[in-house]
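No lab work stands behind these numbers, since they all come straight from the coordinates. Quick caveat: nothing in here was measured; it's all calculated off a predicted structure. Cβ coordinates were reconstructed from backbone atoms using ideal geometry, including for glycine residues, and neighbour counts include every protein chain displayed.
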Amino acid sequence: MTVIYSNFHDSDTYLLRGIWEGLEAKVIEISLDDSGSFNNSRFSFESKQEEITRAIEREEDTLIVCGHGTEDGCLSPHFDYTLSSSTKDMIRAKRFLGIWCNALTFAKKNNVSGFFSSMFITNTVEADYMGMGNVGKERIKESEMKFVNTLNSLLRNNIPMDKWKEAFTCIVDATNEVEVFNFTSLGYME
């Protein structure tokens, strides 16, 4: 298993670590740079991009690409793409997970197989924007934890990806409108 993890050093991307926690995975983490300054971040990302490209090409089992993103791909903290339409054809993995906002739109647009998140509400600002202003931080955090723990369990137990959407549908808490939104908008593409 290879994970390409765009770490924006925010609570949204930090939580994603739960997806592969306790699993045997090679994690390629992209952040501004290890020293926390911007001075050499351009150089650091270019060398990381080469590592990312090699990992995408070589992983044959499970590839997870996660962080923040758009319908054009998964963003790095440098606002380049770790995965985009120009690199999607390099994917060789049997199982591919795209976990960023609008990953499902990216997959549909680019005919990429795997399991994907869509717009994913991770904070009260996004909940307000989507018309769910009465949902508090605790309910959002609860939903996020359930999401990463469920993905971890599905990976750990080798559940076929075409069963994952159903697994989330079965556990959704109908009283948490953020969870309903997040879990019902997940998608699997063959």
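Given R₀ = 35 Å, FRET efficiency for Glu51-Val125 by Cβ-Cβ distance, to 0.05?
0.60
Divide by every residue of the chain the summed helix terms, -39500 (n - 2.57) for each DSSP H run of at least 4, and state the resulting mean residue ellipticity at 222 nm, rounded to the nearest 500 deg cm²/dmol.
After summing the helix terms and dividing by residue count, I get -11000 deg cm²/dmol.
Relative contact order for the range 80-164 using alpha-carbon pairs under 8 Å, separation at least 6, rounded to a whole percent?
21 percent
Relative to the longest principal Cα axis of the chain, at what angle does helix 137-156 sit, 0 to 90 degrees, rounded to 10?
Once rounded, the angle reads 60 degrees.
For the range 83-190, what is the convex hull (Cα atoms) projected area averaged across all directions, in square nanometres?
For the range 83-190, the mean projected area of the Cα convex hull comes to 6.9 nm².
In a Gaussian network model over the chain where Cα atoms closer than 10 Å are linked, find which of Asn157, Asn123, Asn102 has the largest mean-square fluctuation.
Result for the chain, Cα springs under 10 Å: Asn157 fluctuates most.
Would you kindly state how much longer the chain becomes between Thr184 and Ala167 on full extension, computed as 0.36 nm times their sequence separation minus their alpha carbon distance, in nm to one decimal?
Taking Thr184 through Ala167 to full extension adds about 5.1 nm, to one decimal.
Considering the alpha-carbon set of the chain alone, what are its Rg and its Dmax in angstrom?
For the chain, the Cα-based Rg and Dmax read 16.0, 48 Å.
Among the trypsin sites (Lys or Arg not before Pro) in the range 91-165, which ones are in a DSSP loop with at most 16 other Cβ atoms within 10 Å of the Cβ? Mind listing them?
Sparse-neighbourhood loop trypsin sites (Lys or Arg not before Pro): Arg92, Lys94.
For a quick check, take a GNM of the chain with Cα springs below 10 Å and name the residue from Gly131, Gly69, Gly18 with the largest mean-square fluctuation.
Most flexible of the set in this elastic network: Gly131.
Given the options Asp12, Asp162, Asp128, state which has the largest fluctuation in a GNM of the chain using a 10 Å cut-off (strictly under) for Cα springs.
Comparing Asp12, Asp162, Asp128 in a Gaussian network model of the chain, the most mobile one is Asp128.
For the pair Ser84 and Leu15, what calculated FRET efficiency results from E = 1/(1 + (r/R0)^6), where r is the Cβ-Cβ distance and R0 = 22 Å, to the nearest 0.05?
Using R0 = 22 Å, I get an efficiency of 0.40.
May I ask which of Lys48/Lys165; Lys94/Lys146; Lys109/Lys165; Lys48/Lys137 have a Cα-Cα span longer than 30 Å here?
Exceeds cut-off: Lys48/Lys165; Lys48/Lys137.
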